[in-house]
1. Checking residue 353 against (1) surrounded by 24 or more Cβ atoms within 10 Å (Cβ to Cβ); (2) within 13 Å of the ligand (Cβ to nearest atom); (3) closer than 24 Å to residue 51 by Cβ, only one condition comes out false. Which one?
2. Could you identify the single residue in 415, 429 that is of a type in the set (Ser, Thr, Tyr) and within 16 Å of the ligand (Cβ to nearest atom)?
3. Could you say which residue among 242, 265 is surrounded by fewer than 22 Cβ atoms within 10 Å (Cβ to Cβ), of a type in the set (Gly, Ala, Ser) and without any contact (Cβ under 8 Å) to a residue 40 or more places away in the chain?
4. Any idea how many residues of segment 123-135 are surrounded by 15 or more Cβ atoms within 10 Å (Cβ to Cβ), farther than 12 Å from residue 323 by Cα and without any contact (Cβ under 8 Å) to a residue 40 or more places away in the chain?
5. Go through segment 136-165 and give me each residue that's surrounded by fewer than 19 Cβ atoms within 10 Å (Cβ to Cβ) and closer than 29 Å to residue 118 by Cα.
6. Of all residues in segment 213-229, which are surrounded by fewer than 17 Cβ atoms within 10 Å (Cβ to Cβ) and either among the polar types (S, T, N, Q) or out of contact with any Asp or Glu (no Cβ under 9 Å at 6 or more places or on another chain) (or both)?
7. Among the candidates 305, 339, 293, single out the residue that is modelled with pLDDT of 95 or more, under 30 Å from residue 43 (Cα atoms) and more than 16 Å from the ligand (Cβ to nearest atom).
8. Look through segment 92-129, keep the residues that are within 14 Å of the ligand (Cβ to nearest atom) and among the hydroxyl-bearing types (Ser, Thr, Tyr), and return whichever of them is farthest from residue 66 (Cα to Cα).
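The values are calculated or read from the model by the stated rules, or taken from the named source; none is laboratory data. Just so it is clear, the model here is predicted, and its values are computed rather than measured. Glycine also receives a Cβ, built like all others from the backbone with ideal geometry; neighbour counts cover every protein chain displayed.
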Amino acid sequence: MKTISRRKILKVLGAGGALSSLGLAGCASQGVVSGKAAAKIVVVGGGFGGATCAKYLKRFDSNLEVTLVEQNRQYTTCPGSNWVLGGLRGMGDITHGYGDLNSRYGVKVVHDTVTAIEPGQRRVVLAGGQSLSYDRLVVSPGIDFRWEEIEGYDASVAEKIPHAWKAGPQTKLLYDQLRAMPDGGTVLMAIPGNPFRCPPGPYERASMIAHYLKTNKPKSKILMLDTKDAFSKKGLFEAGWAALYPGMIEWVPGSSGGKVERVDAATRTVYAQSGMDQHKADVLNIIPPQRAGQLAQIAGLTNEGGWCPVNQQTFESTIHPGIHVIGDSSIAGAMPKSGHSANSQAKMTAAAIVAMLKDLPVISPSHVNTCYSLIGPDYGITVAAVYRLGDDGAIAGVKGAGGVSPTDVPQQFRTQEARYAEGWYASITQDSFR
Ligand SMILES: Cc1cc2nc3c(=O)[nH]c(=O)nc-3n(C[C@H](O)[C@H](O)[C@H](O)COP(=O)(O)OP(=O)(O)OC[C@H]3O[C@@H](n4cnc5c(N)ncnc54)[C@H](O)[C@@H]3O)c2cc1C
């Protein structure tokens, strides 16, 4: 496959008008594939990956017929959901509709659940009975849980003991339980091994819960039982916890009995390390191990590890050609499973699809990811990275680009990063949904 330079990618991503640099302006004006009717692209899943991809497909070629299928009428973002738990935001602040994708860009939005994909017929089947044909399909169904991994914890138990790892009613359930907990209570979080959605997410969550407890129930404690021995931005989080919440948060690594193996919902007790350690808590937040979204599994897009192998230049499935898998479900080299990654992959995939439909060279992608975390309302930290496609076909981090927030900086620096976190949220949701 031919590749072209990073400068040209940036031009494409910077403005729809720069499509001429790739020869894609011709697509926009003609809107046809080889003299045939406009190509039909179906995008399944209206999260950070799918919504962004649908929008940018139309921006790159306004004459494409783009249909976004999303099962919910509104999307509640996981980014910001920890801030809701901390009392810094309301649910309305993190909930977005799809109206702009239709009115501003002409994306057709269908609210239904895709129950099957028929790659041979190039068709998706909807729960409502309709089926949609496509020339290319983009799938961004997020994650699902490996319910079999923690005894006693499944989808029905999660209705009482939340994971809150898909934002919405689960966030509200955990929020309500934290508000109902007595002062002096214990909140227990169980944290999975890698890979999982949002590596710094559990630790930001502990921070935001600690902020709420410090303000409202200061005798309370947070116990984090982790499958891992290390985690994203660990030094920065621990320094922040020591500064803001001394003695409130205890983190237990996997090697010291942190891996949760069983949950007894009736007594709100968890068992770790083959039943040797048991912990009872007032509020339990169990984040189970994860795999690609259920649709990816049903459609046979996953490998034995439960995630979707793709050509990391185009995000086209290596199992089913013609189907692109982006976002958390995909195996994207060194990129973490984040909303920012999904957004970046979505744009590169949209550019690749438009190029492929016109039989033009596919650009060699450059990606970016930034994950801000709030430890307190005025205490932000960040990790950022730039990624390129390596010669081996895998996406790898660019050495010397990005990094984590410095240590030993004045409070003013942390305050500024907290404001940047809010700015990041505003701009990524603008870019994905409006
Ligand atoms: C607590 C928490 C905090 C986070 N904070 C951040 C952060 O600060 N920054 C960041 O970059 N990332 C963050 N993330 C990660 C981010 O939320 C995910 O990486 C991102 O949502 C992945 O996007 P996606 O498109 O792959 O999946 P999703 O956003 O989950 O979207 C999948 C969509 O597909 C739909 N869908 C699934 N199956 C079907 C079907 N069969 N038919 C129709 N529709 C379907 C779903 O309804 C959903 O809307 C956080 C995650 C959590 C849990």
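1. Here residue 353 clears every test but (2).
2. Exactly one of 415, 429 is of a type in the set (Ser, Thr, Tyr) and within 16 Å of the ligand (Cβ to nearest atom), namely 429.
3. 242
4. 1
5. Residues satisfying the conditions are 146, 147, 148, 155.
6. Matches in segment 213-229: 214, 215, 216, 229.
7. 305
8. 95
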